Amino acid sequence: MSLVDSAPQNEGNAPSYSVSELAMALKRTLEDAYGFVRLRGELSKVTRHSSGHVYLSIKDERACIDGVIWKGQVRGLKAQPEQGLEVIVTGRITTFPASSKYQIVIETMEHAGMGALLAQLERLKAKLHGEGLFAAEHKRPLPRMPSTIGVITSPTGAVIRDILHRIRDRWPCRVVVWPVIVQGDQAAAQVAAAVRGFNALPATGGPVPRPDVLIVARGGGSIEDLWPFNDEALARTVAEGRIPLISAVGHETDTTLIDYVSDRRAPTPTGAAEMATPVLAELKAATADYERRLMRSAARTLEDRRHRLNAAARGLPRPADLLAMASQRFDLVAGRLASALERNTAAHERDLLRWASRLTPGLLDRPRRLKAERLAELSSRLDSAALRARENAERRARLPELDERMAAAVGRRLRMASDRLASLDQLRNSLDPNRPLKRGFARVHKADGALAHGAGELTAGEAVRLVFHDGDRAAVVDGEAPPAPPTPAPKPTAKPAPKPAAKPDTRQGDLF
């Protein structure tokens, strides 16, 4: 129904409407004519009300129209409204009668082509780069041999199967999977929550082991499918994490914002598993190779030491040569000892025969005690002679030892003599008569050169010589004259005249 058709007819006068009637009639006309429109433009004045509704304006080069997104529609939008974003929206045109404005009630919103998305991504990338989130010094090194690996991905896709298969083949270890959705509006929030959750796990003693490295993985897709990984909040969460993180989102040609803030970027999820784990077989082979090299090195070292020992041994005398002279001296002394014992025995035998020839039958009458004592004495002398011969042989064998002991005794005597000489020299210095002169003392010599030992040895007017450490000086002893013998006092005849006053003594006083 048009505005003209619904207006009341009056032949004579123009129709009159109330303000509300006219406003509602315009509202119905716009809603009937533009019940569904598709509009393209740039967003401005984006305002999120506390009620959850979003108010904004859509403009181009020549016009601007207000828009509103009700709270129930905001979360289902493909593109969230942002200032300066070029979008394509669908909705219906309506009016707001209270202020005589028309507006579009937006039901769907999407980016207006690839250029807008890339422009928005470049602005966000420049912002985070300016804050230093992409700096190389912030990248954490990956552990060489992780015991636990955390994987953030969809639990139903082929990505998790590829990662688990690759880890099982290379480095069997524990894998903790945090299931998330990897596409849609909730993907970025779930991935960020998974990163925060892994970083919040206790390092030791927790029910779930804390991973040594994280992998965020997703298969390939369009830029719209990968757009959740360009979320600013997710990028900041990854940059703030303490666990090293590998980004494996999309194919090798796909690049998202999370790739710049992560510690390493993998071209594929399988490549991420290879980056996070070493090859167990290669480590075993390397260990075996190191063991073989160590054994060969030890063998070469032992062989080298053996050659060096043999070369050094050639420059040393043989043990047989060192013992040859001592053995020869021992043989010589042993041979002389045997002959000396024989000669000694023969001498005693001759003595015995000589004494035996002197025996007479009369001697047989001597007391047997004397015979026993004599025989014991002779036997003792024989034993003493044999003992002295053995001691002489032993003494000759100990000649080197006696030489050393004699050298040690001579050394001790020399040290004792040196100590006595040092003490005598100290005594000589202490008794040096010139030594006290250096401390300010002086010696007094008489005219004949004799040393004055006390003041009583000097008389007044006697010439002396004072000897100092740097020279000597002449001096005269000045003091009271020896007392004169007493004389008888004359008889007083008159009052004696007063004696003149004694002149002051200007001569030098006694030094002592």
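Which of the trypsin sites (Lys or Arg not before Pro) found in the stretch 224-302 are in a DSSP loop and have at most 13 neighbouring Cβ atoms, other than their own, within 10 Å?
Filter output for the stretch 224-302: R242.
If we count GluC sites (Glu not before Pro) as exposed when they sit in a DSSP loop and have at most 16 other beta carbons within 10 Å, what is the longest stretch of the chain that avoids them all?
Counting at most 16 other Cβ atoms within 10 Å as exposed, the longest clean stretch of the chain is 253-461.
Compute the distribution of all C-alpha to C-alpha distances in the chain, in bins of 10 Å from 0, and list the percent of pairs in each, rounded to whole numbers.
Pair shares across the bins are 3, 9, 10, 8, 6, 5, 4, 5, 6, 7, 7, 7, 7, 5, 4, 3, 2, 1, 0, 0, 0, 0.
Just to be sure I understand the model, the point goes 7 Å from the Cα along the line to the Cβ. What's the resulting D60 to A298 distance in nm?
Those two pseudo-labels are separated by 8.5 nm.
Hey, can you grab everything whose amide H is under 5 Å from the amide H of T95? Only 5+ residues off in sequence or another chain; H modelled, so Pro and N-termini drop out.
For T95, the qualifying residues are Q103.
How much length, in nm to one decimal, is gained on full extension between R196 and A326, taken as 0.36 nm per residue of separation minus their Cα-Cα distance?
Residue separation times 0.36 nm, minus the Cα-Cα distance, leaves 38.0 nm.
On the protein heavy atoms, probe 1.4 angstrom, tell me the percent of accessible surface of the stretch 86-165 carried by carbon and sulfur.
59 percent
Using a ≥ b ≥ c from the Cα gyration tensor of the stretch 220-286 (square roots of the eigenvalues), is it rounded, prolate or oblate, where a/c under 1.5 gives rounded and otherwise the larger of a/b and b/c decides, a/b for prolate?
oblate
For the stretch 154-169, what does the Karplus curve 6.51 cos²θ - 1.76 cosθ + 1.60, with θ = phi - 60°, yield as ³J(HN,Hα) per residue in whole Hz, taken in order and with x for Gly and Pro?
Using θ = phi - 60°, the values come out as 6, x, 10, x, 6, 5, 5, 5, 5, 5, 5, 5, 5, 5, 5, 6 Hz.
Mind checking the per residue accessible area of the chain for me, 1.4 Å probe, whole number of Å²?
It amounts to 70 Å² per residue over the chain.
Using 0.36 nm per residue, how much length does the chain from H138 to S379 gain when fully extended, once their Cα-Cα distance is taken away?
That pair, H138 and S379, stretches by 76.1 nm at full extension.
Taking the alpha carbon gyration tensor of the stretch 164-258, what are the square roots of 5 times its eigenvalues, largest first, to the nearest whole Å?
Computed over the stretch 164-258, the values are 23, 17, 11 Å.
Subtracting the Cα-Cα distance from 0.36 nm times the residue separation, let me have the gained length for A417 to R395 in nm, one decimal.
Additional length available on full extension: 5.0 nm.
Average projected area of the Cα convex hull of the stretch 20-78, in nm²?
Mean shadow area of the hull around the Cα atoms is 5.7 nm².
What are the residues whose amide H is under 5 Å from the amide H of R174, where those residues sit 5 or more places off or on another chain and H is modelled from the backbone?
I149
Starting from the Cα of K59, draw a straight line to each of the aspartates and glutamates and keep only those under 15 Å, dropping any in the same chain fewer than 8 residues away.
Straight-line reach from K59, under 15 Å: E42, E82, E86.
Once label points are set 7 Å from the Cα along Cα→Cβ at both R343 and A356, what is their separation, rounded to one decimal in nm?
About 2.3 nm separates the two model spin labels.
Of H165, A452, L142, which is farthest towards the positive pole of the chain's charge dipole, taken about the Cα centre with +1 and -1 on the beta-carbons of Lys, Arg and Asp, Glu respectively?
About the Cα centre, the residue reaching furthest to the positive side is A452.
How far apart, in nanometres, would the label points at A288 and K78 be if each is projected 7 angstrom from Cα along the Cα-to-Cβ direction?
5.7 nm
Calculate for the chain the 222 nm mean residue ellipticity that helices alone would give, adding -39,500 (n - 2.57) per DSSP H run of length 4 or more and normalising by residue count, nearest 500 deg cm²/dmol.
Calculated at 222 nm, the ellipticity per residue is -15000 deg cm²/dmol.
Note down, for the stretch 378-422, the three equivalent ellipsoid semi-axes (square root of 5 times each alpha carbon gyration tensor eigenvalue), biggest first, whole angstrom.
For the stretch 378-422, the semi-axes come out at 37, 13, 4 Å.
To make sure I understand the rule: partners must be aspartates and glutamates, Cα under 13 Å from the Cα of K139, and not fewer than 8 residues away in the same chain. Which ones qualify?
Straight-line reach from K139, under 13 Å: E240, D259, D263.
Compute the Cα gyration tensor for the stretch 129-218, then decide on rounded, prolate or oblate, letting a ≥ b ≥ c be the square roots of its eigenvalues: rounded whenever a/c is under 1.5, prolate when a/b is larger than b/c in the other cases, and oblate in all that remain.
rounded
How big is the dipole moment of the stretch 399-476 about its Cα centre under a simple scheme where the beta carbon of each Lys and Arg is +1, that of each Asp and Glu is -1, and everything else is neutral? Debye, nearest 20, please.
Dipole about the Cα centre, nearest 20: 160 debye.
The values are calculated or read from the model by the stated rules, or taken from the named source; none is laboratory data. All values derive from a computational prediction rather than experimental measurement. Neighbour counts run over all protein chains shown; Cβ positions are idealised from the backbone, glycine included. Keep in mind that these areas ignore ligands, DNA and RNA; they rest on the heavy atoms of the full protein, side chains included. Shrake-Rupley method; radii C 1.70, N 1.55, O 1.52, S 1.80 Å.
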